Amino acid sequence: MLRLLALRLLAFVPTLIAASVVLFVTINVLPGSAARAALGIDATPQAIARFEAQNGLDRPLHVQYLEWLGKVLRGDFGTSFQNHVAVGPELLRRLPITLELALLAFLIANLIAVPLGALAAFHHQRKTDTVITFIATVLGAIPNFWLATLLILVFALTWRVLPAGGFVAPGVDLKANLSQMAMPALSLGIASSALLLRIMRTSMLEVLTADYIRTALAKGATQRVVIVRHALRNALIPFLTVGAVEFGFLFGGVVIIEDIFLLPGIGSLVLVGIINRDYPVLLASALVITVVVLTANMIVDLVAITLDPRQVRSRGAR
């Protein structure tokens with residue numbers, strides 16, 4: 001396990017550098033002018049040239065990248081073109097909000113996907129399986145922003161049981177925090193549960209047809225013991241791999257949801273950065289999202305190997 005962790009950490013750095021190159025090039029070739037967005041449409045060519053020279057935007061792209069990377073390695077993520085605020089501290093302030101939203105949404109998605117996927121597999125090609133598969137299809141067809149609008153209409157405007165937006169830190173008021181996070185997390189989690197449900201169903205079907213499952217049932221083990229102790233554990237291994245990817249989509253896809261619910265997370269910062277062509281904000285935000293996604297994938301890899309019975313046996317033999 002320690003050797004595997006060391007290998008994952010070694011692969012983490014070059015992967016992050018490669019991702020940073022792609023992000024830097026992609027963001028810098030986007031249409032639009034950062035100088036014109038910062039100075040306004042009436043800015044003169046001289047003012048634009050002066051702005052680009054002050055911020056190094058007139059230099060070759062590879063020189064800009066190396067300078068930016070050097071600053072990032074020193075902990076300097078630059079200063080926003082729009083409000084001249086240091087990007088690093090702003091990201092640190094917003095990161096817990098987005099992370100909380102993504103984790104709550106991921107928890108909701110799994111609470112829906114794991115039991116329903118396992119139940120559909122256990123009742124394969126029966127009425128229960130058909131109903132659950134239909135539910136997954138419907139959930140997968142619903143855009144999360146449409147679901148967010150519907151939730152606001154029902155729970156905030158009609159029933160008035162949940163706030164339509166805003167944010168209070170959990171350390172200040174946990175109850176208020178959870179009530180404000182409920183609809184954003186449901187919007188993301190319900191939409192994401194569709195894919196995870198299908199993956200869980202498929203993975204569980206493969207496990208239930210394995211020889212060791214039939215052997216356990218033949219020896220008199222109850223269906224509950226077989227499903228919970230043997231089938232579910234092994235079915236979670238491929239499910240977790242897809243789950244890590246889905247968590248990355250959740251964390252990186254909070255832009256619209258945070259804007260709808262007025263959450264001051266990284267997503268809303270990215271949206272403003274896109275509108276204003278604020279390169280330092282976009283680069284730093286994208287880099288932080290990449291780090292979180294890579295870390296989540298590394299953790300899931302380690303958990304999946306821990307759940308793998310072959311790894312358990314090999315550790316026991318040592």
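Give 225, 288, 270, 242 a once-over and let me know the one that is free of Cβ contacts under 8 Å to residues at least 12 places away in the same chain and either part of a helix (DSSP H, G or I) or within 16 Å of the chain's Cα centre (by Cα) (or both).
225
Taking residues in the stretch 24-51 that are touching a residue at least 24 places away in the same chain (Cβ under 8 Å) and under 14 Å from residue 278 (Cβ atoms), and partners anywhere that are acidic (Asp, Glu) and open to solvent by less than 30 Å² (accessible area, probe 1.4 Å), the pairs with Cβ atoms closer than 9 Å and at least 6 places apart or on different chains are 34/278; 37/278; 38/278.
Enumerate the helices (runs of 4 or more DSSP H) found wholly within the stretch 2-92, keeping only those where 1 or more residues are out of contact with any Asp or Glu (no Cβ under 8 Å at 6 or more places or on another chain) and open to solvent by less than 50 Å² (accessible area, probe 1.4 Å).
2-28, 45-54, 61-73
Of note, residue 290 does not satisfy the criterion of being open to solvent by 40 Å² or more (accessible area, probe 1.4 Å) and closer than 21 Å to residue 11 by Cα. Regarding residue 166, is this residue more than 25 Å from residue 133 (Cβ to Cβ) and either open to solvent by less than 40 Å² (accessible area, probe 1.4 Å) or aromatic (Phe, Trp, Tyr) (or both)? Criteria met by residue 166. Being out of contact with any Asp or Glu (no Cβ under 8 Å at 6 or more places or on another chain) and modelled with pLDDT under 95 is the requirement here; does residue 203 meet it? For residue 203, the condition - out of contact with any Asp or Glu (no Cβ under 8 Å at 6 or more places or on another chain) and modelled with pLDDT under 95 - is met.
The residues on offer are 161, 131, and the sole one that is in a loop (DSSP other than H, G, I, E, B) and either over 30 Å from residue 204 (Cα atoms) or of a type outside the set (Gly, Ala, Ser) (or both) is 161. Residues in the stretch 93-127 that are closer than 17 Å to residue 227 by Cα and β-branched (Val, Ile, Thr): 114 alone. Applying the set (1) open to solvent by 30 Å² or more (accessible area, probe 1.4 Å); (2) free of Cβ contacts under 8 Å to residues at least 40 places away in the same chain to residue 176 leaves exactly one unmet item: (1).
The values are calculated or read from the model by the stated rules, or taken from the named source; none is laboratory data. This one's a predicted model, so the numbers in the text were calculated from it and none came from an experiment. Positions of Cβ are generated from backbone atoms using ideal geometry, with glycine treated the same way; all protein chains shown enter the neighbour counts. Surface accessibility is based on the protein's heavy atoms, side chains included, excluding ligands, DNA and RNA. Shrake-Rupley method; radii C 1.70, N 1.55, O 1.52, S 1.80 Å.
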